[in-house]
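Here the structure is laid out as structure tokens; the discussion comes afterwards.
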Amino acid sequence: MVNLSHVTLGKTIEAKPHVPHAKNQAKVSIVSNTPVISVVDDDASVRVAAENLLTSLGYIAHRFASAEEFLRSPYFHDTSCVIADVQMPGMSGVELQAILLDRGLRVPFIFITALPGETVRAQVLKAGAICLLTKPFDRLALIKSLDTALDRHDGRTDE
């Protein structure tokens, strides 16, 4: 008999038989359809605020201080949407999107920036971004953009 009282959706846990000191352990994996949102921004306050909003909406959120950190993580293959700063030290959000596209990963991007401009907006939209939000961005605008991104990721729209 396996005790499943501590199973958490989306996570792999080790479920131990009721036999004390049992040598055999069964691994239980529960698959979750909850979207995974990755927030990539060099500003810690933006990462924390976005993560708090996303988790309050029921999403799984992961924070990354750089594009390079995101690419090294085990989460980039499971990400349903990326929210990324356009300009960061090292690799920019636009460069991150290009790398993912080169790798065949068509993940919707929502870009955020403190330095808006029509050139940047045109560049990110041409690359296929859902939108470009200006910091500080309105949470309702982010939620609407996220809904659009997830609809696109699920294949429910053609754009």
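We did not get these values from a lab; they are worked out from the coordinates using the rules stated. What you are looking at is a predicted structure, and each value in this text was computed from that prediction instead of being measured. Glycine gets a Cβ as well: all are built from the backbone with ideal geometry, and neighbour counts include every protein chain shown.
Which loop-located trypsin sites (Lys or Arg not before Pro) does segment 46-106 contain, where loop means any DSSP state but H, G, I, E or B and the Cβ has at most 15 other Cβ atoms within 10 Å?
Numbers: sites: Arg47, Arg63, Arg72, Arg103, Arg106; in loops: Arg103, Arg106.
Sites meeting the loop and neighbour criteria: Arg103, Arg106.
Counting 0.36 nm for each residue step from Tyr75 to Ser56 and taking away their Cα separation leaves a gain of 4.9 nm. Summary of the geometry: segment 77-152 and segment 47-75, compared by the centres of their Cα atoms, lie 13 Å apart.
Listed values for segment 112-119 are Karplus-derived 3J(HN,Hα) couplings in whole Hz (6.51 cos²θ - 1.76 cosθ + 1.60, θ = phi - 60°), namely 10, 8, 8, 10, x, x, 5, 5, and x replaces Gly and Pro.
A Förster distance of 30 Å, applied to the separation of the beta-carbon atoms of Val120 and Asn33, puts the FRET efficiency at 0.35. Using θ = phi - 60° in the Karplus curve 6.51 cos²θ - 1.76 cosθ + 1.60, the 3J(HN,Hα) couplings for segment 134-151 round to 9, 6, x, 9, 6, 4, 5, 5, 5, 4, 4, 5, 5, 4, 4, 4, 6, 4 Hz; x is entered for Gly and Pro.
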